[in-house]
Number of protein chains: 2
Amino acid sequence: MSTPPELSSTSFAVLGLLAIRPWGTYELAKQLDRSLNYFWPRAESKVYEEPKKLVANGYARARRETVGRRARTVYTITPKGRRALATWLALPGSGPALEFEALLKVFFSEHGSRADAAANVATIRDWVERRNAENVGFARSYLGGGGPFPERLAQIVLVGRFLTEFTDMVGRWAEWADGVIADWPDNPAEARPDLSVLHEIAARVLAPTA
Amino acid sequence: MSTPPELSSTSFAVLGLLAIRPWGTYELAKQLDRSLNYFWPRAESKVYEEPKKLVANGYARARRETVGRRARTVYTITPKGRRALATWLALPGSGPALEFEALLKVFFSEHGSRADAAANVATIRDWVERRNAENVGFARSYLGGGGPFPERLAQIVLVGRFLTEFTDMVGRWAEWADGVIADWPDNPAEARPDLSVLHEIAARVLAPTA
DNA sequence: GTTAAGATACTCCCGAAGGGAGGAACATGT
DNA sequence: ACATGTTCCTCCCTTCGGGAGTATCTTAAC
């Protein structure tokens, strides 16, 4: 009681899934990988630790089942867990954080060849195509009635739109960057900047600071 | 020699800065925070460790200076370091990874109130405004000749455009989401999904898989 | 001239997270 | 009968985040 147990956002991500229905840990790990992974990526090993913390805090109960001689643990949310989830949902979440190694390489491309820079942009375009195919697959399976948790569709659509918009934006950028780099000299260190981009951004009128 | 020392992408991010000019560790930490932080965020404590690894691998040299009685270490890249950087730049980087707690809360908003969901979107809109002001400030200072490393402007513009496009996309999404959530009933669990979003995505024609 | 605030220049530490290896039981297809 | 794949985890090692702590130097205010 002296120091509060302090659950992480990852704990609440798992708790959010438990609020939908009870899950076995393995199922939970798969589901995390299929959905939350796109905007809250976590390692599989963590997913096996989190429910234990939830139980320790009284937010979930563990039920031990057996399939033949193999044990499995199914977790169920408690009323206290639902209250904790609601409390967490009412607190403001932090803004988007990006981690983008290919862009890091573009940033330092003056120390490599033009071909290296172009190859990194091509890698990004590949990523866009793969991700886009996944997005389209998701949308089609939901429209076909095949998606899990159709009762959650309003929330899923909100997040899904964010993710597709992100994919599209990366695609548009990569296409533009492709053209820009194609016009670079062989040595990217001698490339001339496209100042029109800066002018466009600089010309924006900012909202008065509150 | 048996096991290669294996430098991380963060090591190369620091090495990339050293390829521009020599830096003191404190300067390095500040610079990381001002630039790379937007697409390769790392804790300050790491920034103090990385240059030591670079020196251990012969990619940089450390020079000890004193300002009065206070010591500081200035790091300089070596020719071997430049070669290593070029090798790393030629390898494909990984695609964008997102971490977005506020979106996580929107995803689970059925377990809270509509006001909670709206508040999270408002938080996101605040983030967009703050980030946009930073973007505009950057562009203006570069156009005014005040930005650091004008010789790197071609690369900076490429990355800068990505970051502003990302900010804009988040802003457009948040505005849309704001309207959607405003139409929800008090209990988000009873909200009807906007199926037109799914139809639009599902209707896309996919490029044939290579 | 004194003093307080702020910038510089780090080190240390702990807990969270990443990520791969390993292993046992069950399910399937051939 | 055998092999492959899926379920269902545990263990461990390393990296990372992030705050606390320490000390020195600079600047501007009083």
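Working note: Karplus 6.51/-1.76/1.60 with θ = phi - 60° gives region B:87-95 the couplings 4, 5, 4, 7, 8, x, x, 7, x Hz, where Gly and Pro are set to x. So who's got an amide H within less than 5 Å of the one on A:Ala60, skipping anything under 5 residues away but keeping other chains? H placed 1.01 Å off N, in plane. Those qualifying (amide H under 5 Å, at least 5 residues apart or on another chain) are A:Val55, A:Thr78.
Principal semi-axes of the equivalent ellipsoid, √(5λ) from the alpha carbon gyration tensor of region A:101-202, are 36, 15, 10 Å from largest down. For q values of 0.18, 0.19 Å⁻¹, compute log₁₀ I(q)/I(0) with the Debye formula on a Cα-only model of region B:151-200, without solvent. Here the Debye-derived log intensity ratios amount to -0.71, -0.75.
Residue by residue along B:133-140, Cβ atoms of other protein chains within 10 Å of the local Cβ number 4 on average.
Give the shape of region A:60-102 as rounded, prolate or oblate, defined through the alpha-carbon gyration tensor: a ≥ b ≥ c are the square roots of its eigenvalues, a/c under 1.5 means rounded, and otherwise the shape is prolate if a/b is larger than b/c and oblate if not. Verdict is oblate for region A:60-102.
Three semi-axes describe the equivalent ellipsoid of the protein assembly as shown; taken as square roots of 5 times the Cα gyration tensor eigenvalues and ordered largest first, they are 40, 27, 22 Å.
Beyond 31 Å, the tail of the calculated P(r) for chain B holds 42 percent of the Cα pairs. Inter-chain neighbour count for B:193-199: the average number of beta-carbon atoms from partner chains within 10 Å of each residue's beta-carbon is 6. For B:Glu27, the distances from its label point to the matching points in the remaining copies are 5.8 nm, ordered from shortest, with each point set 7 Å beyond Cα toward Cβ. Label-point spacing for B:Ala62 across the identical copies (point 7 Å from Cα in the Cβ direction), in nm and ascending order: 4.4. Relative contact order for chain A: 18 percent, from Cα pairs under 8 Å spaced at least 6 residues apart, divided by residue count. Only aspartates and glutamates eight or more places from A:Lys30 in sequence, or on another chain, were considered; those with a Cα closer than 12 Å are A:Glu44. Relative to one another, the C-alpha centroids of region B:52-93 and region B:141-157 are positioned 24 Å apart. In chain B, the beta carbon lying closest to the axis that superposes B onto A belongs to the residue given here with its whole-angstrom distance, B:Met169, 2. In chain A, helical runs assigned H by DSSP with n ≥ 4 each contribute -39500 (n - 2.57); averaged across all residues and rounded to the nearest 500, the mean residue ellipticity at 222 nm is -19000 deg cm²/dmol.
Using only alpha carbons, region B:9-87 has a radius of gyration to Kirkwood radius ratio (Rg to Rh) of 0.96. Inter-copy label distances at A:Leu91, using a point 7 Å along Cα-to-Cβ, come to 3.8 nm with the shortest given first.
Any read-out appearing in this document is the output of simple, stated calculations on the displayed coordinates, not a laboratory observation. Just so you know, these numbers come straight off a predicted model, no measurement behind them. Neighbour counts are summed over all protein chains in view; Cβ atoms, including those assigned to glycine, are modelled from backbone coordinates with ideal geometry.
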